[in-house]
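In what follows, a single structure is set out as C-alpha cells and then discussed.
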Amino acid sequence: MHRTKQDDGPKVNDPRLLPDEFLQRTAKVVYILEKKHSRAATGFIKLLADRNSELFKRCAMFSPVDHRVPRVYVPLADCPADFVTKPEAYAQMLFICRIVDWKEDSNFASGQLCKSLGQAGEIEPESEGILTEYGVDFSDFSPEVLECLPQNLPWVISPGELAKRRDLR
C-alpha cells in the first residue's frame, strides 16, 4: 500500500475566503491631508558610508533620537564648517533637523539642520530638543507678562486663597 502525505484541508487561493484573523491588513498612503508632526527632530549627524558617491559630496545623514522619525539627508552646507574633516568631533553633538521633503522614490527624507543644541546627555540641550520637537514655545516671557506678576517679593499665597486651591506640590 502506497501512503501519501496527509492533506491538511482545502487550500484557499482567494484571500477573501479566509477568516479575518488570518489576514494582515495593509494600506498605501496616497495623500497627507494635515501634517500633525512638527517635522522637527533631535538627533546626530554623520558622514554617509559610501565615500565615492556623488551624494557624499553634497549631504550628511541625520539620525534622529526618536526611532519613529525617518533618517534624513541634510546638505553639507548646513553642517558645521569642519564637519567633513572632523566628523568625530560631532559624534555626540545634538542637532535639530526639520524635514522639508520626502520624495516618493527615496528611502530617506530631505531636511535642513536648524540648530546645534549641545552635547548629548546634558539637561539643557536634551530639554530644548524635546520642547522643539513638540512645538512648545519656551522663549522668555515678554515684559508685559512679567509686569503682571507680584513685584513685592517674597510673595506668598494667602491662607484664604490656599484653602480654595488643590495643592499639587
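The values are calculated or read from the model by the stated rules, or taken from the named source; none is laboratory data. What you are looking at is a predicted structure, and each value in this text was computed from that prediction instead of being measured. Here the Cβ positions follow ideal geometry from the backbone for every residue, glycine too, while neighbour counts run over all protein chains shown. The protein model used for the area step is the full one, side chains on, heavy atoms only, and it has no ligands, DNA or RNA in it. Shrake-Rupley method; radii C 1.70, N 1.55, O 1.52, S 1.80 Å.
Could you go through the stretch 129-142 and let me know if any residue there is under 26 Å from ALA77 (Cα atoms) and polar (S, T, N, Q). Yes, because at least one residue in the stretch 129-142 is under 26 Å from ALA77 (Cα atoms) and polar (S, T, N, Q). Restricting the first member to the stretch 34-62 and to residues that are in contact (Cβ under 8 Å) with a residue 40 or more places away in the chain and outside any strand (DSSP E or B), and the second to residues that are surrounded by 17 or more Cβ atoms within 10 Å (Cβ to Cβ) and aromatic (Phe, Trp, Tyr), the beta-carbon pairs closer than 9 Å and six or more apart or on different chains are LEU47/PHE83. Helices (runs of 4 or more DSSP H) fully within the stretch 94-169 that include at least 2 residues being open to solvent by 90 Å² or more (accessible area, probe 1.4 Å) and either within 21 Å of PRO64 (Cα to Cα) or in contact with an Asp or Glu (Cβ under 8 Å, 6 or more places away or on another chain) (or both): 123-133. Of all residues in the stretch 84-93, exactly one satisfies the criterion of being open to solvent by less than 50 Å² (accessible area, probe 1.4 Å) and farther than 23 Å from GLU133 by Cβ, namely PRO87. Can you confirm whether ALA81 is among the small types (Gly, Ala, Ser), open to solvent by 90 Å² or more (accessible area, probe 1.4 Å) and more than 22 Å from the chain's Cα centre (by Cα)? Taking the combined requirement at face value, the residue satisfies it. Looking only at residues that are open to solvent by 30 Å² or more (accessible area, probe 1.4 Å) and modelled with pLDDT of 85 or more in the stretch 36-46, which one is nearest to ARG98 (Cα to Cα)? Here the residue is PHE44.
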